[in-house]
Each structure stands twice: as structure tokens, then as C-alpha cells.
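Structure first, then comments.
The values are calculated or read from the model by the stated rules, or taken from the named source; none is laboratory data. As the structure is a computational prediction, the values presented were derived from the model and not from experiment. Glycine gets a Cβ as well: all are built from the backbone with ideal geometry, and neighbour counts include every protein chain shown.
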Amino acid sequence: MTAQTKPLTLSVGIPAYNSGSYIAELLKAVLAQKEVGYVLKEVIVYCDACSDNTVQTARSLKDPRVNVIDNRVRGGMARGLVEMLHHSKSELFVLLNDDIKISDHSLLQKVIKPFQNKKVGLVSGNPQPTHPQTLIEAAGVSTFRAYERVRYSIDEGNNKWSCDGKFLVFSRDFIQSIHFPNDYKEMANVDAFLFFSCVQNHFLYKHVRSAQVYFHFPRTVKDYVNWNSRNNSDIFILRKKFGTLVDKHFRKPSLVYLKAIIIETLKNPSGCIIIFLLGVYSHYKALTTHTSNSPTWDVISSTKL
């Protein structure tokens, strides 16, 4: 970006649910970013019927750029995203999960660079798991590493498998092209809905591998099953809107995936066997429950940092 180029305006949106113990750290990390090539206009915290001190903690920062929306009726992440997009007037919008950790002061600078190409509508950062503390979490990280090999075997990471709602950036043109359903449960997992909207609306999707944030994998059997069932439900729900695009982009290169699974199983055999069995159960649960999905999923509490 040249010195003569006008900096882009940027809004950050954080859908939050009972995040009082860690929202201040996340907000401080966002506000401390080096504003190179962009101007941070606002940070929107959408509190989704929080019953703790999230609202008070976010407002205590006393930064005029922090705008807290205190929604009293729980609506889920999809509704929170739509509400924040209605409030934002910036050229770029950054979506961050409330339970990630940021340690890179140049993080936002990295993810705006692809937007120099005006055809780019959606950009993802690179969420990475923290060091596992439980057997279930370690097994989940093994699965993550296997999919990571798949992710970077396809178009340098610019594919559905890298699109993670923990850290996404949208252009204003892409936002205006999205048709959000009236029933938010039709969006399934928000990240997949956004990816397929990007492809369907003829925008480019880019992944920035160097833009790393950190998160916890689910640490308990219950949380892992809920989390994985939610992800498995995606394909059934999204087919109704995006048709054959879903099967095309969910397809994995078989040999790469098989090799990745073998490598991770050799590293962590007991964990991978457990996670395989839980995965089979999660897939069955998704098959039997996807028609009754709610936009307000059960909270995966063990992922909170």
C-alpha cells in the first residue's frame, strides 16, 4: 500500500456471551493494534443476553471507539452478526470470537492486505489451538492438525476448510450482496454460510496464514460432541440454499486426508481412536437433529480462555 493510498476504514465486531472474565483483554488487544493502512473506526461488542458483567466490563474501557449493544433476548451468533453489520458503516468489517487470544500487534494489518484486490470479498485469519490440557482436547488438536494438512493442500489454503468464524473479514460490497435468511437457523454455522455466499456471489475468498489468533479446543466429551454435531449439521442445512456448491467445497482430497489421519494416529493413537468414535456419534446426532437446530446453540464452555 503506497503512502498516497487513502487508509481503509475498519469496524471490529465481537459477538459475546458471558465473556466478562476475558472480554477486556480481547478489547485491549484490538485497540492496541498498529493502524497501518487502515483506521479503526469502532469496536462493536454484541452482548447476547449476557447474565454476567460482560456489558459493564466492556464499557469500563472508556474508549469512544467501543460500542456495546446490550441485547436482552438471546438470539445467537447469526443474529448478532447481522445486528453488528447494520451498525457498521466502515469499508471492512472484522468478525472475532469472544474467546480468542491475540498476541500479534500487526494482526489486522495482515488481513486487510488481500482487499487491495477489489474482487476479494471475504478473508480469514488463522486460528490455532493452544497447548491441550485434557485427553479430549489433545485428540481434538490431532484432528485439527490432520485437517490443517488438507487445508493447505488445496489452493494454498484458499478454500472452505480454512474459513473459520473465529476470525473473518468482509468487504462492504460483499456485505451488501449477502441475503440473510429471516430464520437465522438456516445460516447453520455462520462461517460456512459466509463462505458459500462469497462463492455464490462471485467474490474471491482469501486465507492469511500468518494472521494467527489462539483458541481452546473443547476439553470435555459433552462439549466436543456438541461442537462437532453443530459442525456436521452444516452440510444438511446449507444444501437447501447453496445446492451442489456445498458438496463440491466440502470434498476432501482422499489421499492427503488419509495420510494426515495416519500421521496423527501414530502420534496420538488412543486420542484419535476416542475422537473417531465421538465423531461417528456426532455425525449420527447431526443426522437426527439438524432439522430442529436452533440459532442459539449450547454454549461450549470449556473453550473459554
Report summary line: Restricting region 258-293 to residues that are of a type in the set (Gly, Ala, Ser) and modelled with pLDDT of 55 or more, the one farthest from Arg149 (Cα to Cα) turns out to be Ala286
Query raised in the report: Of all residues in region 137-158, which are within 19 Å of Leu266 (Cβ to Cβ) and among the β-branched types (Val, Ile, Thr)?
Result: Val141, Thr143, Val150
Query raised in the report: Among Lys240, Lys252, which is the only one that is surrounded by 13 or more Cβ atoms within 10 Å (Cβ to Cβ), among the basic types (Lys, Arg) and either part of a loop (DSSP other than H, G, I, E, B) or at pLDDT 70 or above (or both)?
Result: Lys252
Report task. Take Gln212 and decide whether it is at pLDDT 95 or above and farther than 19 Å from Tyr147 by Cα. Result -> no
Query raised in the report: Taking region 91-114, which residues are surrounded by fewer than 22 Cβ atoms within 10 Å (Cβ to Cβ) and either part of a helix (DSSP H, G or I) or among the small types (Gly, Ala, Ser) (or both)?
Result: Ser103, Ser106, Gln109, Lys110, Lys113, Pro114
Requested in this report: Would you mind telling me which numbered condition in (1) at pLDDT below 95; (2) buried (at least 18 other Cβ atoms within 10 Å of the Cβ) Asn182 fails?
Outcome: (2)
Query - Condition met for Asp164 (in contact (Cβ under 8 Å) with a residue 40 or more places away in the chain and in a helix (DSSP H, G or I)) - result: no
Query raised in the report: Going through region 30-71 one residue at a time, which ones are part of a helix (DSSP H, G or I) and closer than 27 Å to Lys113 by Cβ?
Result: Val30, Leu31
